[in-house]
1. State the percentage of accessible surface on region 314-379 attributable to carbon and sulfur atoms; use a 1.4 Å probe and exclude ligands, DNA and RNA.
2. Based on the Cβ-Cβ distance from K234 to Q85, what FRET efficiency comes out when R0 is 35 Å, to the nearest 0.05?
3. Could you check the simple spin-label distance between T273 and N322, using points 7 Å along Cα→Cβ, in nm with one decimal?
4. At 1.4 Å probe size, with no ligands or nucleic acids counted, give the accessible surface of R356 in Å², nearest ten.
5. Could you report the accessible area of S350 in Å², rounded to 10, computed with a 1.4 Å probe on the protein chains as they sit in the structure?
6. What length, rounded to one decimal in nm, is gained on full extension from Q364 through to D73, with 0.36 nm per residue of separation minus their alpha-carbon distance?
7. Measuring from the lowest to the highest alpha carbon on each principal axis, how far does region 170-303 reach, largest first, in angstroms?
8. What whole number of Å gives the distance from the Cα centroid of region 338-379 to the Cα centroid of region 182-236?
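The values are calculated or read from the model by the stated rules, or taken from the named source; none is laboratory data. Worth saying up front: this structure is predicted, and the values here are computed from it rather than measured. Quick reminder, even Gly has a Cβ in these numbers, built from the backbone with ideal geometry, and neighbours come from all protein chains shown. The protein model used for the area step is the full one, side chains on, heavy atoms only, and it has no ligands, DNA or RNA in it. Shrake-Rupley method; radii C 1.70, N 1.55, O 1.52, S 1.80 Å.
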Amino acid sequence: MPHEGSNEQQAHMATGPAVPEYGPPRVRGSRRRKPRKKTLRYVAWGALGAVLIGGGGAAYAWQHLNGNIQGTDMNAALGKDRPSQQKNGSMNILLLGSDSRAGTHGQYGKGVSGARADTAMVLHVDKTHKKASVVSIPRDTMVERPQCAKPHGGTATGAQQAMFNSSYQAGGPACTVKTVEKMSHVRMDHYLEVDFKGFQKLIDELGGVDITTRKAINDPNSGLALSAGKHTLKGKQALELVRTRHGVGDGSDLGRIQLQQAFIKALIHRADTVDPLGSPAQSYDLADTATKSISADSELASADKLLGLAKELKGISPDRTNMVTMPVTYDSQDSGRVLPLKKASQQVWSALRHDRSIPKSATQDSVGDKSDSPVSAGA
């Protein structure tokens with residue numbers, strides 16, 4: 001990739017052929033079009049909020065971005081035994097943050113092999129594409145994990161009671177999708193994933209994200225130490241925030257989910273301030289980092305498809321996004337685990353299936369939504 005800000009790259013970006021269907025706008029001579037924000041709203045990991053895909057303009061650059069994205073053929077992996085697709089224009093996307101330490105040289109903990117679904121959120125976009133619901137699934141939830149095909153051959157046996165995050169370790173992202181669909185009876189139209197290393201890079205490329213802490217947070221396990229007040233978090237601190245669990249709430253995954261949901265809103269705010277035409281070279285670098293950091297289903301694994309999705313979700317602001325945690329209660333046999341509240345959980349999933357707002361009554365008895373988040377968006 002040409003060096004950021006080089007004359008060669010900017011010349012290519014300014015004069016190269018426009019990319020068809022969702023391609024970045026072309027600038028001719030001194031005439032400039034009014035800047036348009038092209039924001040991909042996605043949540044992976046509790047970050048998995050919004051990432052700019054824009055700038056560029058040369059066909060060779062677009063092909064490079066396409067080549068960055070890793071895709072998984074969900075239809076081939078899952079077969080036909082799935083919930084039916086919704087035909088009303090609404091959409092469900094499973095947003096995953098995996099805890100893979102690959103290539104991190106022990107930076108995020110040693111003695112941990114493989115990867116698990118460290119964060120999982122179901123993003124439901126309503127049929128108007130103007131409102132959204134986000135349902136976080138606690139990683140420590142005990143669920144029925146179905147039998148899954150392994151990514152490189154063979155079969156992972158199912159389990160009547162298994163931690164939700166083990167589904168990724170057993171059979172990769174397809175197994176996590178299958179587990180969510182079995183639990184919710186909601187078909188996932190797409191999935192998007194980012195890991196530790198990719199998340200940190202994305203936040204650094206965005207220039208940091210603004211948050212406000214209502215009280216000091218100190219978690220020696222994640223490394224996060226923040227005083228009460230306003231902060232701009234760069235990649236390392238942002239990752240520490242979305243991984244923090246011992247410094248907030250009851251020390252379980254439930255407190256961490258609150259931090260992740262607050263961070264997503266802050267990330268959406270930050271991405272909305274980025275002007276892709278203000279600095280084409282910087283925008284290209286951001287798009288390059290984003291596409292290298294993201295894994296997706298094969299139907300979404302291209303730069304133009306991601307940009308198309310961004311355009312569809314462009315009008316969804318944080319105040320039009322309802323974020324909840326799947327209703328759960330503590331497991332009486334293991335204080336470190338939670339169990340789904342069956343009736344309440346089905347209210348949540350039924351709302352998504354029928355493209356309705358999640359009723360407040362569905363989460364009123366859940367231990368996952370009992371306290372206010374110690375973090376809010378903006379500084």
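1. Whole-percent figure for carbon plus sulfur exposure: 45.
2. Computed FRET efficiency for K234 and Q85 comes out at 0.30.
3. For T273 paired with N322, the spin-label model returns 3.0 nm.
4. Its accessible surface works out to 130 Å², give or take rounding.
5. Approximately 30 Å² for this residue.
6. 101.0 nm
7. 43, 43, 21
8. 20 Å
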